Structure formats: C-alpha cells, structure tokens
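Inspection log for the structure reproduced underneath, given as structure tokens.
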Amino acid sequence: MKVELESTIICPNCGHQKNELMPTDACQFFYECENCKSILKPKEGDCCVYCSYGSMSCPSIQENAGCDDNSCCT
Ligand SMILES: [Zn+2]
C-alpha cells in the first residue's frame, strides 16, 4: 500500500494553502501558517495537523487506518 506523503494544508484562519511533505516518523502537532503566522493545532480527536487541516491524513493513519491508542503519536 502506497503512502501519500504530500498534503495540502489549508489554514482555517486565512484560507492560505500550502503543499507540505509529511514526516513519516512522527506526527506533526503544531504548524505555523506562513501567511498569517497563526499556530495550528490538531482538532480534538485528530493526532496531527495534517489529519485536521490537510488534504491527506498523516502516514500513520494511512498505514494503520487510525491511531486510537495514540501509538503513532508517541
Ligand atoms: Zn493562515
């Protein structure tokens, strides 16, 4: 199964879009919008900013189809 590493993050504050490469070894919890400089954090229940604001879920989610035990985030 191919894991997609590219995700387009859409800032919920200003709508700015940016293509990012997701790290495969960890979840990214904070993301600074380069346009409005606001710090994005995952929504409740999401393990990383890509799951909340990206066009793709993070690699851990894609591989495990979920990380309910937060194993991908430690
Ligand atoms: Zn922004």
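Just for the range 5-47: of the residues that are among the aliphatic types (A, V, I, L, M) and within 16 Å of the ligand (Cβ to nearest atom), which one is farthest from the chain's Cα centre (by Cα)?
Ile39
Pairs please, first residue from the range 15-28 and touching a residue at least 12 places away in the same chain (Cβ under 8 Å), second anywhere and among the β-branched types (Val, Ile, Thr), Cβ atoms under 6 Å, 6+ apart in sequence or on different chains.
Cβ pairs passing all conditions: Lys18/Ile9; Asn19/Thr8; Glu20/Ile9; Gln28/Val49.
Read-outs: derived from the displayed coordinates by stated rules, not from any lab. Please read all numbers here as calculations on a predicted model, not as lab measurements. Glycine gets a Cβ as well: all are built from the backbone with ideal geometry, and neighbour counts include every protein chain shown.
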